[in-house]
Structures are given as C-alpha cells and as structure tokens.
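Notes for the one structure printed next.
The values are calculated or read from the model by the stated rules, or taken from the named source; none is laboratory data. If you're wondering where the values come from, they're calculated on a predicted model, not measured in any experiment. Here the Cβ positions follow ideal geometry from the backbone for every residue, glycine too, while neighbour counts run over all protein chains shown.
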Amino acid sequence: MEPYKKEVIVDVPHRISGFFEIFDELNGNKLTDPIEIGSRGAGFNLSSVGKTKIQIEELGYEGDNEIEIFINDEKVDKKAETTYYLYNNFKSHIIKPMKIRIFHNFDLPVGCGYGASGSGALGAIYGLNHAFNLNLSNRELGERAHIAEVINRTGLGTVCGQLRGGLCILKEPGYPCVSERIPIPKNLKVICGSFGMIHTKSILTDPVLNRKIKEAGRKAQITLLNSRNIKSFMEASLQFVEDTEILNILNLQELKKLIQRLNNLRIIGASMNQLGNSVYAVCNKEDEGKITEILESYKPRIKIFNTSINLNGPRILN
C-alpha cells in the first residue's frame with residue numbers, strides 16, 4: 001500500500017437545522033469539555049453537498065509541512081478556523097514533510113444556515129484519514145470534527161446530523177451522537193431562499209439569545225418526540241423561531257414576512273434556517289412551483305436553491 005494518496009475527494013451533505021437547544025452547562029456550571037458540549041434538536045441532510053478535495057505532495061526536503069486551505073476557490077488558510085484546527089491536530093500523523101492543499105467547494109452559500117462548516121469539518125478529517133491510510137474509525141473521525149466545531153464555535157450538533165443522514169432528532173448533546181431518524185414521505189422537495197449570512201459564533205455567545213434558544217429548543221424537542229413526522233418537525237421549527245423572537249432580535253423583518261407568506265400556502269411548512277438569513281420550505285413535488293414563484297419576487301436580493309432530503313452521510317469518492 002502506498003504511504004499516502006495524492007488526491008482524495010469527499011462529499012458531505014449540507015444540512016438544515018430546524019431547531020436546537022444549546023447544551024453548554026450542567027447544574028448551573030459551565031461545561032469545559034468539548035465532548036460534552038453540544039445540542040439537542042432536529043434537522044435534515046440535503047442532496048446539495050460540500051465537496052472537499054485534498055491534494056498531497058511530498059516536499060522532498062526536511063522541514064515543516066505546508067498547508068493551504070481554499071473555500072470556494074478563495075485562499076483562506078488559517079481563516080478557515082475549523083479546518084485549520086483539524087489539520088493542526090492531525091499533522092502528528094504525517095511522518096514526512098508534505099504540502100497539503102484542502103479545497104472546500106459548497107453547493108450552498110457559507111454562513112447562511114446550510115451546515116457548511118460541519119460539511120467542511122467532516123470532509124477534511126475523512127479526507128485526511130483516507131489520504132494517509134490511517135483507518136481511524138467513523139466514531140473517532142466524527143469526534144474530531146465535533147470537537148473542532150465546538151472549540152471554534154461554528155456548530156454544536158450539525159456534525160451528528162450530517163453523519164446520520166435523513167431527517168433526524170439529536171436526542172442527547174455532545175459526542176458520541178445519540179440520534180433517531182424520522183421516516184419521511186417520498187418525493188419531498190426543499191426549496192430554499194437566502195438573503196445572506198449570520199455569524200453562528202455571534203449567536204452562540206449572545207446571553208439573551210442563548211437563554212431563549214435553550215428554552216424554545218427544549219419545548220420544540222418535546223413537540224417532535226410526541227409526534228415523530230415531517231409535519232410536526234416543521235410546526236416545532238416554526239414555533240421555535242417565534243418563541244426565540246430571533247427574527248425580531250436580529251431585525252430580519254423581510255425574512256419574517258417571507259416565512260409568513262410561504263406558510264399561507266398549502267405546503268408542509270416553511271421556517272428559518274438555523275442559523276442563517278435564509279428560509280426553507282418543505283413541500284410535495286407538485287407544489288414547488290408556487291413556492292419558487294414567491295421566492296422569485298424577492299430577486300435580486302435573494303438566492304434560490306431547489307434541493308431535497310438526503311439519507312446519506314459522508315462519502316469518499318475515490
């Protein structure tokens with residue numbers, strides 16, 4: 001076996017979280033172990049993916065490894081905090097000096113509530129593991145990605161959902177993941193519209209929103225556990241948005257009106273991506289046209305994406 005592969009490509013689905021309950025303290029004491037920190041909640045993987053390509057070249061001289069990281073073809077290196085953290089913790093496995101280039105390319109926009117950071121984290125660690133033939137277990141790879149997200153405050157439970165696939169409930173916080181998949185009807189469509197970014201880090205560190213999210217997330221979780229289906233998920237997700245008052249707190253009035261318009265249609269439901277200035281609407285295939293028509297009335301301020309629920313997790317393509 002070759003000591004390393006020159007190129008590896010990994011697909012990891014984007015994911016939308018409908019609601020979540022932040023779990024960062026126990027009995028009034030702040031948790032410090034990133035393994036224990038996380039969230040309860042629910043969401044689903046999308047057929048749209050983040051594609052991570054890793055290229056490796058032996059340097060042929062003594063010295064440090066070289067690392068370059070790109071997001072959607074823009075060179076970002078250390079600014080890609082989660083991926084850089086994963087590389088930094090992985091590099092002890094690299095015996096010879098190497099030049100490593102990590103390319104993340106996402107079908108859906110970064111920072112808009114589509115789990116790009118979780119997709120990139122899993123893509124990076126799965127790709128590095130496969131490239132260097134380490135044979136780390138799926139559990140260990142997921143753990144590394146989860147820790148990287150928590151430490152860099154780019155996510156709390158997205159990785160767990162992306163590993164499981166489909167529409168699933170995260171029943172316990174932290175890692176290893178405790179989740180349950182909810183059956184869904186065939187031929188559902190997910191039509192999304194994005195006005196722009198919300199910085200997850202700023203939300204997770206805001207004390208007022210943090211408290212509201214904990215209370216609303218716990219309530220939404222109970223609703224879904226009492227009735228495990230896609231309609232109940234959408235109702236719980238919309239109630240979460242209303243209970244947190246997040247649209248008013250962040251002054252997302254245009255998004256608020258759009259969600260109201262979409263829920264006036266006879267569809268399964270529409271709500272806000274957690275966390276992004278974005279809306280997602282779930283419907284039967286025959287209803288996608290009327291959702292798209294409403295979203296198109298917001299152009300050019302909005303970007304529209306037509307996708308569906310994906311049952312898969314990460315996939316190594318070569």
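The number of residues in segment 122-138 that are modelled with pLDDT of 95 or more and within 20 Å of the chain's Cα centre (by Cα) comes to 7.
In segment 7-39, the qualifying residues are those that are in contact with a strand residue (DSSP E or B) (Cβ under 6 Å, 6 or more places away or on another chain) and among the charged types (D, E, K, R), and the one that is farthest from Pro207 (Cα to Cα) is Glu7. The sole residue among Gly41, Gly18 that is in a strand (DSSP E or B) and at positive phi is Gly41. From the list Tyr298, Tyr280, the lone residue that is of a type in the set (Phe, Trp, Tyr) and over 18 Å from the mean Cα position of the chain (by Cα) is Tyr298.
In segment 33-90, of all residues being among the polar types (S, T, N, Q) and buried (at least 18 other Cβ atoms within 10 Å of the Cβ), the one that is nearest to Ile182 (Cα to Cα) corresponds to Asn45. Does Ile35 satisfy the condition of being more than 26 Å from the chain's Cα centre (by Cα) and not assigned by TED's automatic domain parsing to the domain that holds Gly193? Here the answer is no, as Ile35 does not meet what is asked. Restricting the first member to segment 240-266 and to residues that are free of Cβ contacts under 8 Å to residues at least 40 places away in the same chain, and the second to residues that are among the polar types (S, T, N, Q) and assigned to a helix (DSSP H, G or I), the beta-carbon pairs closer than 9 Å and six or more apart or on different chains are Leu247/Gln253; Lys256/Asn248. Report, by residue number, each residue of segment 139-156 that is aliphatic (A, V, I, L, M) and touching a residue at least 40 places away in the same chain (Cβ under 8 Å). Answer for segment 139-156, where residues must be aliphatic (A, V, I, L, M) and touching a residue at least 40 places away in the same chain (Cβ under 8 Å): Ala145, Ile147, Ala148, Val150, Ile151, Leu156. Among the residues of segment 188-232, the ones that are more than 25 Å from Glu149 (Cβ to Cβ), touching a residue at least 12 places away in the same chain (Cβ under 8 Å) and outside any helix (DSSP H, G or I) come to 6 in all. All conditions but one from (1) outside any helix (DSSP H, G or I); (2) surrounded by fewer than 24 Cβ atoms within 10 Å (Cβ to Cβ) apply to Leu170; the one that does not is (2). Here Leu136 passes the criteria (1) in a helix (DSSP H, G or I); (2) free of Cβ contacts under 8 Å to residues at least 24 places away in the same chain except the one numbered (1). Scanning segment 88-133 for residues that are assigned to a helix (DSSP H, G or I) and among the basic types (Lys, Arg) yields a total of 1.
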